[in-house]
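Student: Got a structure here, written out as structure tokens. Questions coming.
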Amino acid sequence: MSMKNENNIETKINQALNSIEGIESAEVKPYFYTRLQAKMENQMAPSYGKFSILANLKLSLAMLAVFFVFNLTSIVFLSGSQNTDSTATSALDEFSEEYFSNPNVYDYLNDY
């Protein structure tokens with residue numbers, strides 16, 4: 001590096017260090033740290049209001065209602081699918097007869 005760059009860097013370092021010398025500590029109001037500590041403890045502690053049990057009860061009842069609705073719809077769909085079971089079986093039988101008929105029948109090979 002050149003001598004000019006070194007002098008420039010050194011002057012900037014000295015300016016930065018001199019600017020720090022004028023800094024004073026901040027003044028706080030009396031009992032600031034006590035109030036700050038109390039505020040932090042209040043934020044960390046769980047808040048229990050007068051009606052917090054009701055809030056939990058509402059959430060539990062809502063979850064229970066969703067659970068019952070889900071179960072009822074499952075029962076309705078499962079009972080409805082038992083009636084169509086015979087139709088699905090007959091459709092499967094028709095499909096298997098059409099495409100997988102008697103394995104001894106090879107007439108379709110003679111057409112070529």
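What follows draws every value from the coordinates through simple rules; no lab data is involved. Predicted model only: the values in this text are computed from it and were never measured. Here the Cβ positions follow ideal geometry from the backbone for every residue, glycine too, while neighbour counts run over all protein chains shown.
Student: Going by average Cβ neighbours within 10 Å, how do the peptides 20-30, 35-45 rank, with the highest at the top?
Tutor: 35-45, 20-30
Student: What does the extension gain come out to for residue 9 and residue 70, with contour length at 0.36 nm per residue minus their alpha carbon separation?
Tutor: Numbers: separation 61, 0.36 × 61 = 21.96 nm, distance 7.34 nm.
Gain on extension, residue 9 to residue 70, equals 14.6 nm.
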